[in-house]
Amino acid sequence: MHIPLSSWYDDILELDPEHLAGSDSWAGHIPFAFYLIAALAPKTLVELGVFAGNSLFAFAQAASRQQIASRIIGIDTWESDPHSGGYDGDSIHRLVCEQQARYPDKVELKRATFDAIRPDIPDNTIDLLHIDGYHHYDAVSHDFHSWRSALKPEGVILFHDIAVRRDDFGVWRFWDEIKASHGVDRVIEFSHSNGLGVLFLGPDDAYPEKMQALRKAYAGDPQAVQTCFRLAGARIAEHFAHRQTRRLADEEKERHAQELHREQAAHTAQQNELARQLNILQTQHRQVIESSSWRLTAPLRALRRKTGL
């Protein structure tokens, strides 16, 4: 079976992301995000777990480029959890808000728990759901079952971190259950960049032509499709790594400059203090010289110098 994968290396896959920040764990899936948005043209997209916004703004960038009238809702508490490694939530949230200003008509940010926002989203309204919150098995299971009814019959659900099996990450376990319950013909999976699982709730003919082409290609040769998007993602992941290295170098340079400035400021302050003390001594000396007692005892001092007494 001939699969025209080369045709996917068009301007969708070759797009450079406008936003890369925080962790690089999603960077390798950005080309797939570009393809997915172009192929699915979702009217409503909800992301559970935004963090630094790499996936959210990849979706937004693709929708903007394709002139798709998408409503993109990103939900996060921006509070650290056992899997995030700890981070400054307020700082990350400010960064995401600054980027959101690029897409004021598309992106909505909700700083809240997923459960708190769920009642605000009517059932049967979401085209694309991205689950990327707390990665414990129970948390992923809860998120899926809580939000499942909000999906349209032909909705698509993304699960990030399906390839991570360390500590108590449990997405991989839940993903295995999804494949068993929905059937392998309803899923696509990628192992790179921590893994991404794609669940299609509807049959092939429920989706646009480009999405049908993707599912047909994957059914015929899953490894070829996986390699296509893995290689496309590697370019962006490498770009992200270079940016991170440059950022760290710039931060180190800035820290060195600040330290040098502090040392110079301390040296200047010390010089100013010495100058101040010298000025005080000179003033005191001048006051003594100009005092009347000093003038009256001048002959005595001269005599003592002359006689050596």
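Heavy-atom accessible area, probed at 1.4 angstrom with all protein chains present, ranks K216, K179 as K216, K179, highest first.
Is the stretch 34-156 rounded, prolate or oblate when judged by the Cα gyration tensor, a ≥ b ≥ c being the square roots of its eigenvalues, rounded requiring a/c under 1.5 and prolate requiring a/b larger than b/c?
It is oblate, given that a/c is not under 1.5 and a/b is not larger than b/c.
Using the structure shown, list the pairs from K43/K110; K152/K179; K43/K179; K43/K152; K43/K216 with a Cα-Cα distance above 22 Å, or answer none. Those over the limit are K43/K179; K43/K216. Of the solvent-accessible surface of the stretch 127-195, computed with a 1.4 Å probe over protein heavy atoms with every protein chain present, carbon and sulfur atoms account for 48 percent. Of the residues P42, I92, I30, the one whose Cα sits farthest towards the positive end of the charge dipole of the stretch 29-115 is P42 (charges of +1 on Lys and Arg Cβ, -1 on Asp and Glu Cβ, taken about the Cα centre). Can you classify the stretch 108-224 as rounded, prolate or oblate using the Cα gyration tensor, where a ≥ b ≥ c are the square roots of its eigenvalues, rounded means a/c under 1.5, and otherwise it's prolate if a/b beats b/c and oblate if not? Note, shape of the stretch 108-224 comes out oblate.
The values are calculated or read from the model by the stated rules, or taken from the named source; none is laboratory data. On a predicted model such as this, the values are computed, not experimentally measured, just so you know. Because the Cβ atoms are built from the backbone with ideal geometry, glycine has one as well, and the counts that use them run over all protein chains shown. Please note that ligands, DNA and RNA were not included when accessible areas were found on the heavy atoms of the full protein model with its side chains. Shrake-Rupley method; radii C 1.70, N 1.55, O 1.52, S 1.80 Å.
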